[in-house]
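Inspection log for the structure reproduced underneath, given as structure tokens.
The values are calculated or read from the model by the stated rules, or taken from the named source; none is laboratory data. The shown structure was predicted, so the numbers you read here are calculated from the model rather than taken from an experiment. Quick reminder, even Gly has a Cβ in these numbers, built from the backbone with ideal geometry, and neighbours come from all protein chains shown. To get the accessible areas, we keep the full protein, side chains included, count just its heavy atoms, and leave off ligands, DNA and RNA. Shrake-Rupley method; radii C 1.70, N 1.55, O 1.52, S 1.80 Å.
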Amino acid sequence: MILFPAIDLKDGLCVRLEQGDMARATVFHRDPAEQAAAFERAGFDYLHIVDLDGAFAGKPVNAKAVERIIESSGMKVQLGGGIRDMATLTGWLDKGVDRAIIGTAAVRDPAFVREAARRAPGRVAVGLDARAGKVAVEGWAEASELTALDIARRFEDAGIAAIIYTDIARDGMLKGLNLDATIALADAVSIPVIASGGFASIDDVKALLSARAAKLEGAIAGRALYDGRVDVTEALRLIRSARKNG
């Protein structure tokens, strides 16, 4: 199980949103590269980055901040937000992003996702962000009529590395992960699934390490890390112990 600390970028700053609302952003660090370094010092091996402005614009907006993180960090990076064409995707992979996350285009242009996965095997993930059961697009500003499972099944044979499933209603609200919905999705497809939205405490780590969550690749943690609600040393100790004993 992998715990991914999250860096969400807005106007070049490290922020956290509440329920995906850009008007409800809290700035947690003015230097995203230093925040990434702090996560690395804490013992994390992976990092989840979202270009929030890029998700709305449909193209990279916070590229300089992302590039600084990549250049200064030894962590493996997965990046989403504004990746809607092959040039953008391959550009990021060439710059050192380990895994590119496609969100809106997974709904609007599934052929692009398939081609991307073919060209970059093991390095393309799909981000499925659900509100009231339906997947939202364009930086969560618009709702589609498709469920996460509808879209996940489209890519069952495409070679996608992972699906990142976010419960928008819980995102940034510290209410705990929606493991029921996430595990149900993981049980319905063969693609590895990552839980996102609502990570709140060490109890979420323990739940992720339970037998029923065994199919999940991991989870993304944001506000709970910034607020100091999670003892990172203890969380990583539990994860590494489970990995060693598993």
Does the range 114-129 contain any residue that is under 28 Å from residue 71 (Cα atoms), of a type in the set (D, E, K, R) and crowded, with 17+ Cβ neighbours inside 10 Å? yes
Exactly one condition in (1) farther than 21 Å from residue 138 by Cβ; (2) modelled with pLDDT of 95 or more is false for residue 26; which is it? (2)
Which pairs do you get when a residue that is closer than 13 Å to residue 122 by Cα and part of a helix (DSSP H, G or I), found in the range 85-98, comes within reach of a residue that is among the basic types (Lys, Arg) and open to solvent by 30 Å² or more (accessible area, probe 1.4 Å), reach meaning Cβ atoms under 7 angstrom, with the pair 6+ apart or on two chains? 93/123
Hits in the range 107-131 (condition: on the phi < 0 side of the Ramachandran plot, of a type in the set (Gly, Ala, Ser) and part of a loop (DSSP other than H, G, I, E, B)): 120
Residues that are part of a strand (DSSP E or B) and surrounded by fewer than 17 Cβ atoms within 10 Å (Cβ to Cβ), drawn from the range 132-143: 134, 142, 143
Residue count, the range 191-243 (criterion: assigned to a helix (DSSP H, G or I), open to solvent by 60 Å² or more (accessible area, probe 1.4 Å) and under 30 Å from residue 150 (Cβ atoms)): 2
If only one of 33, 55 is in a helix (DSSP H, G or I) and either touching a Lys or Arg at 6+ places or on another chain (Cβ under 7 Å) or of a type outside the set (A, V, I, L, M, F, W, C) (or both), which one is it? 33
Within the range 149-164, which residues are open to solvent by 10 Å² or more (accessible area, probe 1.4 Å) and either assigned to a helix (DSSP H, G or I) or farther than 17 Å from residue 79 by Cβ (or both)? 149, 150, 153, 154, 156, 157, 158, 159
Just one of 118, 108 is over 18 Å from the mean Cα position of the chain (by Cα) and modelled with pLDDT of 95 or more; which is it? 118
Within the bounds of the range 52-59, is there any residue that is surrounded by 23 or more Cβ atoms within 10 Å (Cβ to Cβ), free of Cβ contacts under 8 Å to residues at least 40 places away in the same chain, in contact with a strand residue (DSSP E or B) (Cβ under 6 Å, 6 or more places away or on another chain) and among the aliphatic types (A, V, I, L, M)? no
